1. For segment B:38-60, which residues satisfy the criterion of being on the phi > 0 side of the Ramachandran plot and buried (at least 20 other Cβ atoms within 10 Å of the Cβ)?
2. Going by what's in this entry, would residue A:243 be described as crowded, with 20+ Cβ neighbours inside 10 Å and over 14 Å from residue A:49 (Cβ atoms)?
3. Quick check on this structure: which one of A:91, A:101 is of a type in the set (Ser, Thr, Tyr) and open to solvent by less than 80 Å² (accessible area, probe 1.4 Å)?
4. For segment A:33-44, give me each residue that is at pLDDT 85 or above, open to solvent by 100 Å² or more (accessible area, probe 1.4 Å) and closer than 10 Å to residue A:244 by Cβ.
5. If you go through segment A:206-222 one residue at a time, do you hit one that is in contact with a Leu (Cβ under 7 Å, 6 or more places away or on another chain) and either aliphatic (A, V, I, L, M) or open to solvent by less than 20 Å² (accessible area, probe 1.4 Å) (or both)?
6. Within segment B:117-134, which residues are without any contact (Cβ under 8 Å) to a residue 40 or more places away in the chain and among the basic types (Lys, Arg)?
Amino acid sequence: MGRFSSILLNIVAITVALIGMAPFALLTLLAFSRNPTSIEGFTHENFAFIWTGKLFADPRYLQIYPDIHLVTLNTLALALGVSGVVVLLSSMAGYILSRYSVPARGTLLGLILALHGIPVIILLIGLYFLLRSMGLINNLLGVIMAKTTLDLPLGIWVMKGFYDSIPWDIEIASIVDGAGRLRTWAKVMLPLIRPGIAALAVLEFISGWGEFLLIYTLIFSNTSWTLSMVIRGLIGEMGSINLNLIAALSLYYFIPVLIFFILAQKYLLKVSLGGIRG
Amino acid sequence: MVEIKLEKVTKIFGKSVYAVKDLSLLIRDKEFVVLLGPSGCGKTTTLYMIAGIYKPTKGNIYFDGRIVNDVDPKDRNVGMVFQSYALYPHMSVYDNIAFPLKIKKMPANEIRKRVLEVAEMLRIKELLDRKPSQLSGGQQQRVALARAIVKEPSVFLMDEPLSNLDAKIRVEIRAELKNLQKRLGITTVYVTHDQGEAMSLADRIAVMNAGTLQQYDTPDNIYRNPMNIFVASFIGSPPANIIEATIDGEGNIIIGGTKIKPPEDLISAIRSIDLLNSEVIVFIRPEDVEVDPNNGHILGNVYSIEYQGREAVLHIEIPGGGVIRGLAPPNSISVGTRLWLRFHLEKIHIYRKSGELLI
């Protein structure tokens, strides 16, 4: 019975995994396909843009599609910017919410969580006017700021959870040992929530790397595009002509996320557990 | 190094939770004082107020005559040891001990010298490169002690430091701690709920309950002359007998219907404070209850026996339904035996029903 059910479970698990992997397999096959619209033949020419930076040989298209190296840098800037600022701000805000007697803490925490639940799309018009008045429309910095604001609630919650798991005694020991509150935070608390910081940094990097809606709304000139925007442009205009190129670019877009996930798996798992061990 | 005085100190949490109420306490220079009481009695709150982590809501705390209510913990020069050890998990043992010195910006070679000295004193020199998670409980507590000692504090504050240790290591470190405290001559305030630990360590014990001080005296005085029923029942193992009794018109004590005639001086004491014909509580320690097969004050029935090695604790049912604890040589008596109890009446205390000591 035990043996039979374990075989059954394995079959189910493998089937589910296969269903999930099918699109990736097709994408990969298409990316290496010689035929631009169906899986046929093998070539790595579709990935030429990685070296040349150019998606098309035809100079007319270069007007429409920016250099991929530049786009990659933009995407990286957005991802690192969001990750850095969210980690910096939430590691401080989370500490305050966890350790200080903040007035109306419960309400504040509830509000932070509710903020996280608001669909981004209903904030777009507001964000647009806000950034325009600050002169940050069509500017990656504006997108980083908007994205950071939207992601902060989650970051603060995650960081607060990690701080909550550090016993008070350790903090009191440090304060009695002569360190002020600020030094206790920097020398004792921050090193202890390092797994949390790593996890949040990776989550936010991926969140920034994958951002599409804000770029689509707040960026006009293609020199500030990110990879998601280029892919969307290609699908819209060349979806039926150059599928293999789109597949290659998609794969290129996906690889860093995959690598990051594999490297950070053990930290990401701790977010749900929310704890650390001394 | 420093004399600590608490003057009518009160700590209120929130709006009306009195953690500590009107506590006055003088802890002399070099003295080892234990704050003893059940959990929630305010002893840890008191310790944290001395450390400067909590500020008293009312009253003053003095170090050597200077009010320190608003002095930050870092400026009080206290060394603290916790039940959880509270070592910094990400630092090596060396860095843990060196931490308070690094904060003081002491030169590195001076830090090294002092850490090694303290490590030598506590026999943890070979552990300096390890992380706290690689140490046993006893070793962790030694490191925590080292970290408290290395800064040469004027006060040691210890919050149940031995409670997480095995019984054997606990007794070992207890002796070490007492020896160390006397050798270094550092004023120490030690919090525990374990009366045995309090008795064995303290110069003086402050027994607390529900935020108020019950008695503050030497272990011997607290053991022999508890000021009220709470102290009487909290101190001592096996616990003392606390027996409801009546005093008749002639000054005899009546326990469970049996009349006991006290010695003359006790009768005159009873008369002098007008206790004739009143309900009281009688206190007597098990070691002051003797058993005898032939005669005594009350005839009882052995109901249960606890073997303790050196002696046995007898639980004896008496007429009226009460149980009295007494001591006897081990293996001398079996359950169900009828025997006489004889009280050492010169050792008894009499309390009012509300708890205060009368005689």
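1. Just the residues of segment B:38-60 that are on the phi > 0 side of the Ramachandran plot, to begin with: B:40, B:42, B:52, B:59.
Scanning segment B:38-60 gives B:42, B:52.
2. Values: crowded, with 20+ Cβ neighbours inside 10 Å: yes; over 14 Å from residue A:49 (Cβ atoms): yes.
Against the criterion (crowded, with 20+ Cβ neighbours inside 10 Å and over 14 Å from residue A:49 (Cβ atoms)), residue A:243 qualifies.
3. Values: A:101 fails: open to solvent by less than 80 Å² (accessible area, probe 1.4 Å).
Result of the check over A:91, A:101: A:91.
4. Within segment A:33-44, A:34 is the sole residue that qualifies.
5. Yes, segment A:206-222 contains at least one residue that is in contact with a Leu (Cβ under 7 Å, 6 or more places away or on another chain) and either aliphatic (A, V, I, L, M) or open to solvent by less than 20 Å² (accessible area, probe 1.4 Å) (or both).
6. Of everything in segment B:117-134, those that are without any contact (Cβ under 8 Å) to a residue 40 or more places away in the chain and among the basic types (Lys, Arg) turn out to be B:123, B:125, B:130.
One line per residue, one yes/no per condition, for (1) polar (S, T, N, Q); (2) open to solvent by less than 10 Å² (accessible area, probe 1.4 Å):
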site	(1), (2)
A:54	no, no
A:59	no, no
A:63	yes, no
A:78	no, yes
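Yes/no matrix, rows are residues, columns are (1) touching a residue at least 12 places away in the same chain (Cβ under 8 Å); (2) in contact with a helix residue (DSSP H, G or I) (Cβ under 6 Å, 6 or more places away or on another chain); (3) under 30 Å from residue B:279 (Cβ atoms); (4) within 14 Å of another protein chain (Cβ to nearest Cβ):
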{"residue": "B:144", "(1), (2), (3), (4)": "yes, no, no, yes"}
{"residue": "B:167", "(1), (2), (3), (4)": "no, no, no, no"}
{"residue": "B:209", "(1), (2), (3), (4)": "yes, yes, yes, no"}
{"residue": "B:243", "(1), (2), (3), (4)": "yes, no, yes, no"}
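The values are calculated or read from the model by the stated rules, or taken from the named source; none is laboratory data. Note that the coordinates shown come from a computational prediction; the quantities given were computed from them, not determined experimentally. Cβ atoms come from the backbone with ideal geometry, glycine included; neighbour counts cover every protein chain shown. Keep in mind that these areas ignore ligands, DNA and RNA; they rest on the heavy atoms of the full protein, side chains included. Shrake-Rupley method; radii C 1.70, N 1.55, O 1.52, S 1.80 Å.
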